[in-house]
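Visitor: Have a look at the structure that comes next, please.
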């Protein structure tokens, strides 16, 4: 019986040593590697592809789509499209990446002005940025509704 107790104690000590080496200083484990292979803004998405790619949209535009192709080292993962207007985040859309590569898109109701979309990983790291303008510049905020879709 003593042998089993000593063996269990040795295993516990080894596990504690490994845990200590892994770092207990509050660091988050590294997120799986995720890469944006392509990002575009467009007037729409048809058959899983962007349609009407542009960086400038007419002032009659009411909705813009952000389409991304994502490569993930270990799917499934989540990325987020963060929409900014006037330097302020006005929408956040989480998108599930189920395989690699994977195409996902979101859309945002927009108004005139300068916009930015940041794609972030699960740890909040910015992976890519797209900028676009709608009509003339305006400091007015727009409707905050957004949608998301994805496809393999």
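The values are calculated or read from the model by the stated rules, or taken from the named source; none is laboratory data. Keep in mind it's a predicted model, so treat the numbers as computed, not measured. Glycine gets a Cβ as well: all are built from the backbone with ideal geometry, and neighbour counts include every protein chain shown.
Visitor: With the structure loaded, tell me whether residue 66 is closer than 12 Å to residue 39 by Cα, surrounded by fewer than 18 Cβ atoms within 10 Å (Cβ to Cβ) and at pLDDT 95 or above or whether it fails that test.
Guide: So residue 66 fails the test.
Visitor: Listed residues 110, 93, 134; which is without any contact (Cβ under 8 Å) to a residue 60 or more places away in the chain, more than 15 Å from the chain's Cα centre (by Cα) and farther than 14 Å from residue 37 by Cα? Reasoning before the result, please.
Guide: Working: 93 fails: more than 15 Å from the chain's Cα centre (by Cα); 134 fails: without any contact (Cβ under 8 Å) to a residue 60 or more places away in the chain.
From the options 110, 93, 134, the qualifying one is 110.
Visitor: Can you tell me how many residues in the stretch 56-79 are assigned to a loop (DSSP other than H, G, I, E, B) and more than 20 Å from the chain's Cα centre (by Cα)? Outline the logic, then answer.
Guide: Going residue by residue through the stretch 56-79, those that are assigned to a loop (DSSP other than H, G, I, E, B) are 58-62, 73-76.
From what is left, the residues that are more than 20 Å from the chain's Cα centre (by Cα) are 58-62.
Residues flagged as assigned to a loop (DSSP other than H, G, I, E, B) and more than 20 Å from the chain's Cα centre (by Cα) within the stretch 56-79 amount to 5.
Visitor: Using the structure shown, decide if residue 42 is surrounded by 15 or more Cβ atoms within 10 Å (Cβ to Cβ), at pLDDT 95 or above and more than 14 Å from residue 132 (Cβ to Cβ). Let's see the steps before the verdict.
Guide: On the way: surrounded by 15 or more Cβ atoms within 10 Å (Cβ to Cβ): yes; at pLDDT 95 or above: yes; more than 14 Å from residue 132 (Cβ to Cβ): no.
So residue 42 does not fit the description; no.
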